[in-house]
Amino acid sequence: MYSIKTIAVLGAGTMGNGIAQISAAAGYTVVMQDIYEESLVKGMAAINKSLGKMVSKGKMTQETADDTVSRISTTLSLEEAVKDADFVIEAVPEELKLKLETYKRLSAACKKDCILGSNTSTLPITILASVVENPARVAGVHFMNPVPVIKGIELISARHTSDECMDAILEYVKRIDREPVMAVDYAGFIVSRILDVYQNEAVKCVMDGNKPEDIDKAMKLCCNFPIGPCELMDLVGLDIVEHGLKTLENDFGEKYKAAPLLSQMVRAGEVGRKAGKGFYSYEK
Ligand SMILES: NC(=O)c1ccc[n+]([C@@H]2O[C@H](COP(=O)([O-])OP(=O)(O)OC[C@H]3O[C@@H](n4cnc5c(N)ncnc54)[C@H](O)[C@@H]3O)[C@@H](O)[C@H]2O)c1
């Protein structure tokens, strides 16, 4: 019943441009949508840079990189982006109100058999599906950052997701050469539920006087983690981590309360790499 050929990616930010890139590289026709022209330009620049790196490392030919880019078009209109889509992957900011408005519009604008996948890190998918006609076609498709590099994708069946819908998503995951991980639809699924507690505890260690460099070194050299928690928060965005913790606190209580320093840094705009400053400073 479901057949995925054309994909619309909503949001051209950190996650959206990576999702557009790997989908186009696998041969899908992709429309990438954002509400800001500047974000679309930046998103395409990020895709070109990432493909350029692969070409220079000999992992992809220039011809394949050019073909990949030629399969991606951009638009500022959600309705235009999704009108022919078989699969929408939503990667707009992690705000429940914005996501609900987006799903209401998708319900009206998409083909009735278009699958709706959310890249949310923490919001239960069943909430998003609740405003969609035919919620059997809504699921969680949680890519990890950086999208072109990480092999695993968390897949979440919501309360009403049909087996046919999940089978079509599994087929897509296979075609983009990724490994699916199935998770139950409670806030944070598996990855964010565990990771957010760990990251929050690292912020509390900074508050206790530990240096971010020492915390990262400890987790990398003593626990064999590939990246330390402070480096990881800078990569993901401290705002995203704080949002995640709030969602988890709502559903699971006090243990997910964001450390005061995390909220203070978010208020100061020190949200990590994308702002040029987080636990570390980055040259713009
Ligand atoms: N950053 C991460 O490491 C990470 C990892 C996994 C999942 N996620 C999830 O992916 C989603 C996107 O996160 P991100 O880090 O890419 O955010 P981002 O801030 O980098 O990008 C969001 C993009 O959405 C655009 N946007 C805002 N409102 C929009 C709208 N109404 N319609 C279309 N586009 C709109 C913004 O202009 C921006 O370009 C969130 O749900 C987040 O929780 C993020």
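Among the residues in segment 87-95, are any surrounded by fewer than 16 Cβ atoms within 10 Å (Cβ to Cβ), within 16 Å of the ligand (Cβ to nearest atom), modelled with pLDDT under 95 and not β-branched (Val, Ile, Thr)? Yes: one or more hits.
Of the residues making up segment 1-39, those that are among the hydrophobic types (A, V, I, L, M, F, W, C), within 19 Å of the chain's Cα centre (by Cα) and more than 8 Å from the ligand (Cβ to nearest atom) are ILE7, ALA8, VAL9, ILE19, ALA20, ILE22, ALA24, ALA25, ALA26, VAL30, VAL31, MET32.
If the condition is being within 11 Å of the ligand (Cβ to nearest atom) and in a loop (DSSP other than H, G, I, E, B), then segment 234-279 contributes GLY237, VAL271. Selection of segment 96-114 for residues being farther than 25 Å from ALA46 by Cβ, among the hydroxyl-bearing types (Ser, Thr, Tyr) and within 12 Å of the ligand (Cβ to nearest atom) yields only TYR103. Quick one: how many residues across segment 117-159 are free of Cβ contacts under 8 Å to residues at least 40 places away in the same chain and either within 14 Å of the ligand (Cβ to nearest atom) or among the basic types (Lys, Arg) (or both)? Result for segment 117-159: 13. For segment 163-181, the set of residues classified as open to solvent by 30 Å² or more (accessible area, probe 1.4 Å) and part of a helix (DSSP H, G or I) consists of ASP163, GLU164, ASP167, LEU170, GLU171, LYS174, ARG175, listed by residue number. Among the residues of segment 69-114, those that are assigned to a helix (DSSP H, G or I), in contact with a helix residue (DSSP H, G or I) (Cβ under 7 Å, 6 or more places away or on another chain) and of a type in the set (Lys, Arg) comprise LYS99, ARG105. Restricting attention to segment 198-210 and to residues that are within 18 Å of LYS255 (Cβ to Cβ) and surrounded by fewer than 16 Cβ atoms within 10 Å (Cβ to Cβ), the residue that is nearest to the chain's Cα centre (by Cα) turns out to be TYR198. Given the condition within 16 Å of the ligand (Cβ to nearest atom) and either crowded, with 20+ Cβ neighbours inside 10 Å or touching a residue at least 60 places away in the same chain (Cβ under 8 Å) (or both), answer yes or no: does some residue in segment 211-228 qualify? The answer is yes; a qualifying residue exists.
The values are calculated or read from the model by the stated rules, or taken from the named source; none is laboratory data. Just so we're clear, the structure is a prediction, and the values are computed from it rather than from any experiment. Please note: Cβ atoms are built from the backbone with ideal geometry, for glycine as well, and neighbour counts cover all protein chains shown. For the accessible areas, the whole protein counts, side chains as well, though only heavy atoms, and no ligand, DNA or RNA atoms are used. Shrake-Rupley method; radii C 1.70, N 1.55, O 1.52, S 1.80 Å.
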